Amino acid sequence: MAGVKHWGLVLVVLCIKSLSSLVNGAGNGNDGGLVASFIFGDSLVDAGNNNYLQTLSKANIPPNGIDFKASGGQPTGRFTNGRTIGDIVGEELGVPNYAVPYLAPNSTGKAILHGVNYASGGGGIMNATGSIFVNRLGLDIQIDYFNNTRKQLDRLLGPSEAKNHISKRSIFSITIGSNDFLNNYLLPLLSTGTRISENPDAYIDDMINHLRNQLTRLYQLDARKFVVGNVGPIGCIPYQKTINQLSENQCVGLANKLAMQYNRQLKDLLSELNGKLQGAIFVNANVYDLVMELITNYAKYGFTTASRACCGNGGQFAGIIPCGPTSSLCDDRAKHVFWDPYHPSEAANLIIERQLVYGTTKYISPINLIHLRNL
């Protein structure tokens, strides 16, 4: 009987340990979830960095964030009604907290162990991109800031554990490139000189060369798991449709053509880096086709419009004046693909996230993000 009691006690202890492991997120080959998410990019994934800049590109005013539960519906600096795609992907992959904005006062100490968000509205691959907004963080500066975080992790964890944390237990997501067209190469007046001196082929080559160096820098700082989003159908956003006076089913051809050309070269670049940078894996997120699918077949996904901004003013598609307190606001935010003249709604972000995390190579290649996490 004593033996039976002993084994009963062992089983109870094992059950408690198993439950503890599940509660603490351990158990499926990668501790049950991703430990950290490091986010780089533009306003599509900015979680509030621009709040701390003297910039014209800000979203810390209502009704932005009206559906963001973590803030009780108050604006946080996210350029959407709820969570960004970076927030939703991190949640799905098991990151315990949203990545804290680098410029926020609380981005210190143990808060950085679950990741940091460096993204900035108006930022781009090229340093000149977004100058119309006065201030923004371009990708070069964002990587400079990660270098600071990297040193902080060394101090927090010790060099060996910090390297392991970064290389094996973190995903680096880069969502950038749209502003390099919208707020640089295609910008009326300000970019005329660039377009005279540099044809589209040369400009896109320049972008790719810059990005190659930027991704290699992150690799040298021990990043190993990357997901890089391509540029979406920027010719189809409400802003472009409105200023070009297009009909509901039309998109600006030049903008989309440039995006597709860049996207082809981005795919080649990521293949090149997968072959060249040992131990790294670069995953290509096909945002262009994902968003185009939503725009083309919006009714199939429960939306009533893929042309009109839910929050905005001006023109047929409310696409000229950004979202703010005096903007017209749609009744059902979940029925709009676009929150404002530029950015998807949380409802659209949720659909995009499912394909990136669990989808096939049509939208995410060579592997999806659940497989990337578990490597």
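The values are calculated or read from the model by the stated rules, or taken from the named source; none is laboratory data. Keep in mind that this is a model prediction, so the values were computed, not measured. Every residue, glycine as well, gets a Cβ built from its backbone with ideal geometry; the counts of neighbours run over all protein chains shown.
Miscellaneous remarks
- Filter result for A70 (surrounded by fewer than 21 Cβ atoms within 10 Å (Cβ to Cβ) and either under 19 Å from A99 (Cβ atoms) or of a type outside the set (D, E) (or both)): yes
- Matching residues, segment 213-248, being more than 30 Å from A36 (Cα to Cα), small (G, A, S) and in a loop (DSSP other than H, G, I, E, B): S247
- Y301 meets each of the listed conditions (1) farther than 20 Å from N183 by Cβ; (2) touching a Phe, Trp or Tyr at 6+ places or on another chain (Cβ under 9 Å) apart from (2).
- When V134 is tested against (1) surrounded by 15 or more Cβ atoms within 10 Å (Cβ to Cβ); (2) in contact (Cβ under 8 Å) with a residue 60 or more places away in the chain, only condition (1) is not met.
- For segment 360-371, the criterion of being touching a residue at least 12 places away in the same chain (Cβ under 8 Å), aliphatic (A, V, I, L, M) and more than 30 Å from H165 (Cβ to Cβ) is satisfied by no residue at all.
- Flag for Q278 being touching a Phe, Trp or Tyr at 6+ places or on another chain (Cβ under 8 Å) and more than 22 Å from G121 (Cα to Cα): no
- N256 in contact with a strand residue (DSSP E or B) (Cβ under 9 Å, 6 or more places away or on another chain), modelled with pLDDT of 95 or more and not acidic (D, E): no
- The single residue among P322, P238 that is surrounded by 23 or more Cβ atoms within 10 Å (Cβ to Cβ), modelled with pLDDT under 95 and not polar (S, T, N, Q) turns out to be P322.
- Unique match (being assigned to a loop (DSSP other than H, G, I, E, B) and either among the hydrophobic types (A, V, I, L, M, F, W, C) or buried (at least 17 other Cβ atoms within 10 Å of the Cβ) (or both)) among I125, I112: I125
- Test: residue in segment 312-330 that is free of Cβ contacts under 8 Å to residues at least 60 places away in the same chain, closer than 20 Å to E92 by Cβ and of a type in the set (S, T, Y): no
- Restricting segment 84-109 to residues that are part of a helix (DSSP H, G or I) and either hydroxyl-bearing (S, T, Y) or touching a strand residue (DSSP E or B) at 6+ places or on another chain (Cβ under 8 Å) (or both) leaves a set whose member that is surrounded by the most Cβ atoms within 10 Å (Cβ to Cβ) is G86.
- Filtered residue count, segment 158-179, keeping only those that are farther than 22 Å from G279 by Cα and of a type in the set (A, V, I, L, M): 1
- Contact annotation: residue pairs with Cβ atoms under 6 Å, 6 or more positions apart or on different chains, pairing a residue in segment 332-346 that is within 11 Å of R308 (Cβ to Cβ) and surrounded by fewer than 24 Cβ atoms within 10 Å (Cβ to Cβ) with a partner that is of a type outside the set (A, V, I, L, M) and at pLDDT 95 or above, are K335/F303; K335/T304.
- Filtered residue count, segment 294-304, keeping only those that are crowded, with 18+ Cβ neighbours inside 10 Å and out of contact with any Lys or Arg (no Cβ under 6 Å at 6 or more places or on another chain): 3
- Qualifying positions in segment 202-244 - free of Cβ contacts under 8 Å to residues at least 60 places away in the same chain and either farther than 18 Å from L294 by Cα or among the acidic types (D, E) (or both): A202, Y203, N209, N213, Q220, R224, F226, V228, N244
- In segment 143-174, the residue that is farthest from M126 (Cα to Cα) out of those that are of a type in the set (K, R) and free of Cβ contacts under 8 Å to residues at least 24 places away in the same chain is R155.
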